[in-house]
Every structure is written in C-alpha cells, then in structure tokens.
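Q: Here's a structure for you.
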Amino acid sequence: KQWYQRRVAITAGIYVNLDDSETRRMIEGKLNMLLEKVDESSINGIMKCWVYNHLITSKVSWELMIYNLPITFVKDLEATCTKYLKKWLGVTRSITVTVLYRNKDHFGLNLKKLSELYKSVQVGKGHMLKNCDDEKVRASFEHRKERLGHSKQWNYVMELGERERDLYFQELVGTISSDRQGLGFNSRGKLPSERDRLKQLIASISESDMLLTLYNKSVQGRFLTWENTMQLDLGWNNLIYNFHISPELLKFHLNSIHDTAHTPANMKLWKYSNTAKCPLCGWKNCNLKHILTGCRVALEGKRYNWRHDQVLRVICSTLLERLKTTPQPKKKNWLVFKSKESSYKAPKNNWEKEKSTDCDSALIPLL
C-alpha cells in the first residue's frame, strides 16, 4: 500500500522530499554568508563580535526555532562561529572556547552561544504549543510527546519537561536571600514569566557546564581560584567607545587570564621554539608570571618601577581632569576674635600662596 501511494504521488508530480538535508544546507549557507560578509568588512574585531552577537544570531534565530534540527548539526555551526570569533579577537587557537560565551562575572565576553540559543528558542516553542488555546495544537504537542518522550536524542519535549521540574522544585524551595536585604524583600515585585524563567534555567545550566570543564584544567582554569580580583569592564559601551581599551589590550587581557600568551614557555610547549629561557636573565621557565613580576634584570633596571609610575601617571591625569570640572568649595569666613587689647585671625595655608600645575602640588589638598 505504501509503495502504491508513493507511485501515485510520483506520477501525479506531487512527490516531496521530507529529508532535512536541504534545510541544513540553507541554514549553513546563510550563516557562512553572514560571517564572511562581516569578516571582509573594515571594522575592528570588537565591532565584528558586536555584529555577531546582535545581528547574525538574530538572523538565524527564526530558522533555529521553526526547524527541528539535530543538536550535533547546531554544534557544528557553533564551531564555525567560534573559529571566526577567535580570529576577530586575535586570541590563541588553544584558548578555551568558554572565554567567548562565559558570563562576565567569570571573566568571559558573554557572547551568544548558538547551541544555547537553539535550546532556548526550541523550549520556548514547546511551551507555546503546550499552553496554546487551540485544542488541535495541544493535541499535536501531546502526540509528539508520546513519540519522542523517551528518545535518546535531544529534543525540546524532553528538555521542556526537565526544566519544568526544575521550576517546580525552585517554587518548593522559595526565594533564597543572598544578601543583607532580609527575607521577603521585594517579593511583591513583578516576576518574569514562566517562559522567561525556563530560558534563564537553560542559560544557568550552560554556564555551569562551561565552568565544569574549566575545573579539570589546571592552567586555563586557574583563575577560578582567584579571590577579590577586580574585573575589567567588558561592556560593549566600554569596549567600543573607550579609546583606552584597544583590541590589542583586550587580546592580552583574555590570553593572560588563561595563561595562553605567546611567552617563551608556551612557545616551547606548542613546539614553536626549542628553548623556554628568559631572553633577559636566562631563567629556564619564562612564563607570564616571570615576565610580569619575577625577572631579576627587569627589577634591577627599574622596569617594574616605570610600569607602576605609568599607572600613577594615568591616575594623576584623571584626577586633575576631575578637579577642573568639579566646582571648588567656597572658602570659609574665619571668625575674628577681638578684644580691647588684641585680635586674632586664623593663619593662611602656605600652599595657597603659589598655585602650580604640577601633579604633586595639585593633589596636596586631597591627601
């Protein structure tokens, strides 16, 4: 019977190929076309990453939602995006890919991860189908749930069920106070919708998985043991509009956190060099820590002092600019104590007599 129906369909000219290979080629070609167009543009790497994060992912999000693609295919697309992002940022190829997609609280750039975006939009689609007002749409979702509810491959039906169970347990636990505001503070505020909370759960699980891979890496995951470390502001406004943060500085920042900079020790480890000695003092293992704080020749030559002086110079110039724009407080009228025999006035400060533009003299009132 099936052979007869297929033969009739071919004869009538209404045969349709239900394979998704053509859909995959279409999505892959669209993504590669967008990435190549951005790669050929004349903007710098930081701006290219902004275009990827806000435009390219939005262009492909519709296809990721309406088509039920295998998660392995989406991860292959993510690998292509990762290759371009590393090229635009200038980081080493051996650096962990989590630096691109981690939260900024964990020294990451917080770019959109394509597999996480796919799971998020697919779960949102499943939530809409499950809670639709149309009975036929709900029946189609229940039919798909019975067919794929116990599948070994990833699908949005199983993911939606697991995340809904997580939300149920969170409601049982209730709100946990994590600061000094007290129990029940701001409990009457507007809560996010159930669909938004499902997406937040997917993002938190993806973040936990990326951190879990770093705990097993003794070199690139060493930053997880740091305490009270001041983080660099990696917001888009600061990265794009602040001329002090150049693409080269961001490249050094990312490579130094994961100890993947082009030091003599790493060059020998990657088999690009035969020696790992320091070119100044001859230390056998010239890693990033030795270059920044441990070189004897740099210490005796006062190179570290010069670096610290440059930091103080930047702080001094910033304070001087702030002093010029800040209105100065009015001088107090000192009380004059008079008597029949004598009078007393408060003495004047010596530094008010001569005003200089030097940094030290200008910062004396602040000390």
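The values are calculated or read from the model by the stated rules, or taken from the named source; none is laboratory data. Bear in mind the structure is a predicted one, so any value in this text is a computation, not a measurement. Cβ coordinates were reconstructed from backbone atoms using ideal geometry, including for glycine residues, and neighbour counts include every protein chain displayed. Calculation scope for accessible area: heavy atoms of the full protein, side chains included, ligands and nucleic acids excluded. Shrake-Rupley method; radii C 1.70, N 1.55, O 1.52, S 1.80 Å.
Q: Given the criteria in a helix (DSSP H, G or I), of a type in the set (A, V, I, L, M) and open to solvent by less than 30 Å² (accessible area, probe 1.4 Å), does L100 qualify?
A: yes
Q: Continuing with this model, one more query. Only residues in region 30-51 that are under 25 Å from V74 (Cβ atoms) count as the first member; pair them with residues that are among the small types (G, A, S), Cβ under 8 angstrom, at least 6 apart or cross-chain, and list the lot.
A: G45/G90; K48/S41
Q: Can you find, within region 55-87, the residue that is nearest to E36 (Cα to Cα) among those that are open to solvent by 20 Å² or more (accessible area, probe 1.4 Å) and within 18 Å of the chain's Cα centre (by Cα)?
A: Among those that are open to solvent by 20 Å² or more (accessible area, probe 1.4 Å) and within 18 Å of the chain's Cα centre (by Cα), it is Y84.
Q: Check L249, L198, L292 and return the single one that is in contact (Cβ under 8 Å) with a residue 40 or more places away in the chain, within 29 Å of D105 (Cα to Cα) and assigned to a helix (DSSP H, G or I).
A: Of the residues listed, the single one that is in contact (Cβ under 8 Å) with a residue 40 or more places away in the chain, within 29 Å of D105 (Cα to Cα) and assigned to a helix (DSSP H, G or I) is L198.
Q: I would also like to ask the following. Quick one: in region 295-314, of everything that is in a helix (DSSP H, G or I) and among the charged types (D, E, K, R), which residue is nearest to M267 (Cα to Cα)?
A: R296
Q: On to the next question. Being within 17 Å of N255 (Cα to Cα), open to solvent by 30 Å² or more (accessible area, probe 1.4 Å) and modelled with pLDDT of 90 or more, is that true of even one residue in region 112-124?
A: No: region 112-124 contains no residue that is within 17 Å of N255 (Cα to Cα), open to solvent by 30 Å² or more (accessible area, probe 1.4 Å) and modelled with pLDDT of 90 or more.
Q: Kindly indicate whether any position in region 22-30 is crowded, with 17+ Cβ neighbours inside 10 Å and under 30 Å from Q220 (Cα atoms).
A: Taking every residue of region 22-30 in turn, none turns out to be crowded, with 17+ Cβ neighbours inside 10 Å and under 30 Å from Q220 (Cα atoms).
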